[in-house]
1. Given H placed 1.01 Å from N in the peptide plane, which residues other than close sequence neighbours of Ile226 have an amide H under 5 Å from its amide H?
2. Post the alpha-carbon centroid distance, the range 93-151 to the range 414-440, in whole angstrom.
3. What angle, in degrees between 0 and 90 and rounded to the nearest 10, separates the Cα long axis of helix 555-565 from the longest principal axis of the Cα atoms of the chain?
4. Taking only Cα atoms, what is the 0 to 90° angle, nearest 10, from helix 268-280's long axis to the longest principal axis of the chain?
5. Might you report the magnitude of the Cβ-based charge dipole of the chain about its Cα centre, with Lys and Arg at +1 and Asp and Glu at -1, to the nearest 20 debye?
6. State whether the range 72-253 is rounded, prolate or oblate according to the following rule on the C-alpha gyration tensor (a ≥ b ≥ c being the square roots of its eigenvalues): a/c under 1.5 gives rounded; otherwise a/b larger than b/c gives prolate, and the remaining case gives oblate.
7. Using a basic spin-label model with each label point 7 Å from the Cα along Cα→Cβ, how many nm lie between Arg15 and Glu399?
8. Over 25 Å between Cα atoms: which of Lys309/Lys352; Lys281/Lys432; Lys104/Lys309 fall into that group?
Amino acid sequence: MIYSIDYFIQRRIVRWNEHHNIEKDRIFRETIAEEVINKQEYINQIKEKPERMIELFFVVVDKNQNTLPFFLNEVQKDFINKLNKAIEDYNNGYIVDISMLVLKGRQQGFTTLITAYQLACTITNKNFQGFTVADEASNTETIFQNKAKFPYDHLPDKLKPTEKYNSKRELFFEKLNSSWSVDTATKNMGRSRTINFLHGSECAFWQNGIAQTQAGIGEALTKNCIKIYESTANGFNDFETMWHSERYINCFYEWWKTPEYRIELKNNEIKEKFINDINTKTDWIFKRINWLLNEKKLELEQVYWYYNKYLNYIDKELIKQEYPCTPEEAFLSTGQCYFNKENIIQRLLELKPPIKVGYFDYKEVVKKDRLGKEYITLTDIKWIDDKNGFIQIYEDVKERVPYVLGGDTSGEGSDYFTAHVINNMTGKQVAKLKKQFDEIEYSKQIYCFGIYYNTALIGLEVNFSTYPTNKLDEMKYPNLYVRDKEDTYENKLDKKLGFKTTTITRPLILADLQAIVLDEIEKIVDKETLEEMLKFIKNMEKKGRPEAEIGYHDDLVMGLAIAYYIRNQQSFKMLPKKETKMIEVDYGPFNIRRPETIRDDDFGSKIEIV
């Protein structure tokens, strides 16, 4: 009778649970090896999914130095499922590359798993060339001896191919022409190889960075090479850049998905004290534990383990990097964050997705002003739902509510046009726009955005281009932010449209936003904006100047800061029901139509949503 390899694995699990005896397990493995080696069907099943060989024949040393059968835990099973899905998608032409990132907590077993997977591939396939890159020499030796050679040495002899090399860092099987080796990350490592499976272990800690190491090894990789980079986080470096690049299959594993991360509370006294501390203390760690219990539904033994890990760190911040609860928490800035980092990370845990995503459609029409001069404006404005749209709405427009729209235009050091809308009565962020536009389309989308939100007060940054603001004025948008500008010739204040970022205004708007993050962060609802804040640091090389960390942008931060700063030119009360009389106002070079008192609220309610 022909069984399946999965059946044999289940038999091994059942027998192990009965006796927990590694010698009896050895006898079982040797018996099964006799069956497998003589039936091509069994060999094919293992080749199809190399993890079957791991669970059927491999052993591993656990954290207590006990030798056990290598049965995959839930985290490892989940990762293998994602790897198999990626291989299937590649073979079917859905993706053109198999590149995976694993962001994890400490000691979740990924290096052990991926090394064992490569070893299984090396033993069962011809012309397989696997390569593991470790962060330092001591780990290179550990990976080879403990995670590769130890399980290989304990395999039934019938399963071991003919060896050509069995050195300190390489296994080479001559008849199969297959090998696996491990080396320490350097610039020139791997240049003379051909590699079809690359494993980067703790890659965030490679001394020369991932980019330089990749450049050195790049030509060695085959077209169908499987590339897996796994690591705990290490600040804003190459690994973090890769994580946010959208070029990889990202796999994040919270620490609590590792089942042994729990500690039993030994007696009622300890348990009652711990529960009382959770309910009464307001330290960060107890706020975090409350969140883990109430939102993530963890058990008391799990959070007690987490609490004790926290207590053991001298630098308490390391708990977030070593045992992260979210990817954002794992990647902590190496610089001093300008905004309250604790509040941002906690807020990121609480966020809800936008209620709709999309953009505005419109028609352009020619109208005449009261002097008979023609101008082009927009009409028939429609909201278009599109999951790939560039506008996220978190709270829809409400009748008679005054809104403010602040925006940062693309300029020096900036790739994106951005805008935020806030409810001026509550101060809550309700919508966000971010896209690489041309200035013309940005201006039109902002026009529609403002009209949609009850003809919101609009203030756009004008440092690098005045075009969007001027275009809004040409289209007769009726509610534009007006700043004071000193006329150096006549020593008087002149009126100008748009927001100007200067050495005076920049610190002011950022300080206002900093205060909101500190005291009212619940007003900020957009994930991408908060993530950008985590990379906004005090640059000590520039006397503590607040700015985006090198390689990152501040488009969203500055746009939101502008929105909050210009609020005083908008009403803080419900808009009146009656139609407001509009008047022409002369502001020097600009003629703009302004409400005589407060804006009419009908603009937003008439927009069609499709």
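Bear in mind these aren't lab numbers, they're just calculated from the coordinates by the rules spelled out. Here the structure is a predicted model, which means the values were calculated and not measured. Positions of Cβ are backbone-derived with ideal geometry, glycine not excepted, and every protein chain shown enters the neighbour counts.
1. Result for Ile226 returns Phe197, Leu198.
2. About 44 Å separates the Cα centre of the range 93-151 from the one of the range 414-440.
3. Rounded to the nearest ten degrees, it is 40.
4. The angle comes out at about 20 degrees.
5. Working: 87 positive and 94 negative charges, 62 e Å.
The dipole magnitude comes to about 300 debye.
6. rounded
7. 7.5
8. Checking Cα-Cα distances, Lys309/Lys352; Lys281/Lys432 exceed 25 Å.
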